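**Q** Structure in structure tokens, see below.
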Amino acid sequence: MAAKILDGKQTAREVRQELGGRVERLAESFRAPRLAVVLVGEDPASRVYVRNKGRAAKRIGIDAETHELPATVSQETLEARIGELGADPGVDGILVQLPLPGDLDAERVVRRIPPEKDVDGLHPVNVGDLARGTPRFAPCTPAGVLELLDRHDIPIRGSHVVIVGRSNLVGRPLASLLLLKGDRGDATVTVCHSRSRDLAEIVRTGDVVVAAVGRPHTVTADMVKPGAVVVDVGINRIDDPTTESGSRLVGDVDFEAVREVASWISPVPGGVGPMTIAMLLANTVRAAEAHEGIGDLAGSR
Ligand SMILES: NC(=O)c1ccc[n+]([C@@H]2O[C@H](COP(=O)([O-])OP(=O)(O)OC[C@H]3O[C@@H](n4cnc5c(N)ncnc54)[C@H](OP(=O)(O)O)[C@@H]3O)[C@@H](O)[C@H]2O)c1
């Protein structure tokens, strides 16, 4: 039987609806949450991501603004702009769209974001808090993976979750989240990467498999235990002459073959992607609530 679909589009809609209510309450009692997105340069993919984030935020009443800087901006000017936004009491959340062009040092830029406004969860303080088991902001993509599983009632506690990919953006923070104590954690976690020996054999031991590699068809049907849950984080554009644009998006999982083996599978597009944006909105609302003293940042939701 074909696997059921982990529907990120619908789930993100539910999350946005719930957040909309919280935004309304904030706007009534204080002011709407404000999110500052910093975009450097002209990269078309980054521009699309920023536009989508801004639209999603505005749709639920978040006051989202984009600060555009040219690719020629100096490190000092960029950091100074982040510093200004950090010091502005009217700004609840700051996001710097990555990657940055040229020689700009993203690590230094991210460190300029005050941790309590770091809605992308990439500041070392937030990364450290999550790794120590006391999260404030979790990075949006791994948080979105967990939200997607949770809202489809996929049990994580005690399960063996195999993550393929160890990036700071996805694989590592996802492992930290899954290791947290509690309902949405308590997993046994294995993290694989390009140097892992016997990848197929390891992936086959996963009750849940998360692919975050950036390479189509990395997870194939023979690598998946029958009945496993498969989450595909990958976004890859491949040539497809049958489409109007000549290309289409695929994940890291061989979707058609794996769906015949798995019990649940997330599609690309329409799986983790929409959840990532929903979690950015969730982090922004949490930042604003904490700012107004009606919520704290303990926990990752
Ligand atoms: N849906 C979303 O919202 C969202 C958000 C973020 C990223 N993504 C997508 O997710 C994918 C991963 O992103 P990322 O930022 O994590 O990428 P990344 O920084 O390039 O990391 C890729 C990871 O995959 C590992 N890897 C590469 N080839 C492998 C192989 N043959 N076997 C096993 N592991 C292998 C790498 O291992 P090494 O560490 O050994 O190099 C690395 O740990 C990309 O397609 C990206 O576009 C989607």
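**Q** Checking Gly128 against (1) at pLDDT below 95; (2) out of contact with any Pro (no Cβ under 9 Å at 6 or more places or on another chain), only one condition comes out false. Which one?
**A** The number of the failed condition is (1).
**Q** Here's a check for you: in the stretch 166-188, which residue that is near the ligand (Cβ under 8 Å from one of its atoms) and outside any helix (DSSP H, G or I) is surrounded by the most Cβ atoms within 10 Å (Cβ to Cβ)? First the steps, then the outcome.
**A** Initially, the stretch 166-188 is screened for residues near the ligand (Cβ under 8 Å from one of its atoms), giving 166-171.
If we keep only those that are outside any helix (DSSP H, G or I) too, we end up with 166-170.
Values: Arg166: 18, Ser167: 16, Asn168: 11, Leu169: 19, Val170: 26.
Within the stretch 166-188, the match that is surrounded by the most Cβ atoms within 10 Å (Cβ to Cβ) is Val170.
**Q** Name the residue, out of Gly299, Gly251, Gly234, Gly246, that is in the same structural domain as Ile163 (by TED's automatic domain parsing), away from the ligand (no atom under 16 Å from the Cβ) and not acidic (Asp, Glu). Break it down stepwise before answering.
**A** Values: Gly299 fails: in the same structural domain as Ile163 (by TED's automatic domain parsing); Gly251 fails: away from the ligand (no atom under 16 Å from the Cβ); Gly234 fails: away from the ligand (no atom under 16 Å from the Cβ).
Just one listed residue meets the conditions, Gly246.
**Q** Within the stretch 214-230, count every residue that is surrounded by 24 or more Cβ atoms within 10 Å (Cβ to Cβ) and within 10 Å of the ligand (Cβ to nearest atom).
**A** 1
**Q** What's the total number of residues in the stretch 19-41 that are within 19 Å of Ile82 (Cα to Cα) and not aliphatic (A, V, I, L, M)?
**A** Of the residues in the stretch 19-41, the ones within 19 Å of Ile82 (Cα to Cα) are 33-41.
Checking the rest, the ones that are also not aliphatic (A, V, I, L, M) come to 33-34, 41.
Within the stretch 19-41, residues that are within 19 Å of Ile82 (Cα to Cα) and not aliphatic (A, V, I, L, M) number 3.
Each row is one residue, and each column tells you yes or no for (1) part of a loop (DSSP other than H, G, I, E, B); (2) more than 11 Å from the ligand (Cβ to nearest atom).
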position	(1), (2)
Asn126	no, yes
Arg136	yes, yes
Thr190	no, yes
Ser196	yes, no
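**Q** What tally of residues in the stretch 89-119 results from selecting those that are surrounded by fewer than 24 Cβ atoms within 10 Å (Cβ to Cβ) and of a type in the set (Asp, Glu)?
**A** Of the residues in the stretch 89-119, 4 are surrounded by fewer than 24 Cβ atoms within 10 Å (Cβ to Cβ) and of a type in the set (Asp, Glu).
**Q** Pairs under 8 Å by beta carbon, first residue under 17 Å from Ala12 (Cα atoms) in the stretch 277-294, partner basic (Lys, Arg) and away from the ligand (no atom under 14 Å from the Cβ), six or more apart or different chains?
**A** Ala278/Arg16; Leu281/Arg16; Ala282/Arg301; Val285/Arg22; Arg286/Arg301
**Q** Checking the structure you have, find out if any residue of the stretch 55-64 is more than 24 Å from the chain's Cα centre (by Cα) and not hydroxyl-bearing (Ser, Thr, Tyr).
**A** If we filter the stretch 55-64 for residues that are more than 24 Å from the chain's Cα centre (by Cα), which is where we start, we get none.
No: the stretch 55-64 contains no residue that is more than 24 Å from the chain's Cα centre (by Cα) and not hydroxyl-bearing (Ser, Thr, Tyr).
**Q** Go through the stretch 28-41 and give me each residue that's surrounded by fewer than 20 Cβ atoms within 10 Å (Cβ to Cβ) and touching a Pro at 6+ places or on another chain (Cβ under 8 Å).
**A** The answer is Gly41, and nothing else.
**Q** Got a number for residues in the stretch 31-56 being farther than 17 Å from Asp88 by Cβ and either in contact with a Gly (Cβ under 7 Å, 6 or more places away or on another chain) or in a helix (DSSP H, G or I) (or both)?
**A** Kept after step one, since they are farther than 17 Å from Asp88 by Cβ, are these residues of the stretch 31-56: 39-56.
Now restrict to residues that are either in contact with a Gly (Cβ under 7 Å, 6 or more places away or on another chain) or in a helix (DSSP H, G or I) (or both): 44-56.
So the count comes out to 13.
**Q** Does Ala257 meet the test of being modelled with pLDDT of 95 or more and surrounded by fewer than 24 Cβ atoms within 10 Å (Cβ to Cβ)?
**A** yes
**Q** Among the listed residues Ile82, Ile163, Ile156, Ile113, identify the single one that is closer than 28 Å to Thr11 by Cα, touching a helix residue (DSSP H, G or I) at 6+ places or on another chain (Cβ under 7 Å) and away from the ligand (no atom under 15 Å from the Cβ). Steps first, answer last, please.
**A** Numbers: Ile82 fails: closer than 28 Å to Thr11 by Cα; Ile163 fails: away from the ligand (no atom under 15 Å from the Cβ); Ile113 fails: closer than 28 Å to Thr11 by Cα.
One residue alone meets the criteria, Ile156.
**Q** Going through the stretch 24-52 one residue at a time, which ones are touching a Ser or Thr at 6+ places or on another chain (Cβ under 9 Å) and not small (Gly, Ala, Ser)?
**A** The answer is Pro33, Arg34, Leu35, Val37, Val38, Leu39, Val40, Val50, Arg51.
**Q** Got a number for residues in the stretch 140-153 being buried (at least 18 other Cβ atoms within 10 Å of the Cβ) and assigned to a loop (DSSP other than H, G, I, E, B)? Give the derivation first.
**A** Quick first cut of the stretch 140-153, residues buried (at least 18 other Cβ atoms within 10 Å of the Cβ) only: 140-149.
After this cut, where a residue has to be assigned to a loop (DSSP other than H, G, I, E, B) as well, the list is none.
Within the stretch 140-153, residues that are buried (at least 18 other Cβ atoms within 10 Å of the Cβ) and assigned to a loop (DSSP other than H, G, I, E, B) number 0.
**Q** Checking Ala257 against (1) within 22 Å of Arg204 (Cβ to Cβ); (2) assigned to a loop (DSSP other than H, G, I, E, B); (3) more than 10 Å from the ligand (Cβ to nearest atom), only one condition comes out false. Which one?
**A** The number of the failed condition is (2).
**Q** Would you please name the residue that is nearest to the ligand (Cβ to nearest atom), looking only at residues in the stretch 277-296 that are buried (at least 24 other Cβ atoms within 10 Å of the Cβ) and not hydrophobic (A, V, I, L, M, F, W, C)? It would help to see each step written out before you state the result.
**A** Of the residues in the stretch 277-296, the ones buried (at least 24 other Cβ atoms within 10 Å of the Cβ) are 278-288.
If we keep only those that are not hydrophobic (A, V, I, L, M, F, W, C) as well, we get 283-284, 286.
Numbers: Asn283: 14, Thr284: 16, Arg286: 19 Å.
Restricting to residues being buried (at least 24 other Cβ atoms within 10 Å of the Cβ) and not hydrophobic (A, V, I, L, M, F, W, C), the top hit is Asn283.
The values are calculated or read from the model by the stated rules, or taken from the named source; none is laboratory data. Owing to the predicted nature of the structure, the values given are computational and were not obtained by experimental measurement. For neighbour counting, all protein chains shown are included, and Cβ atoms are generated from backbone atoms with ideal geometry for every residue, glycine included.
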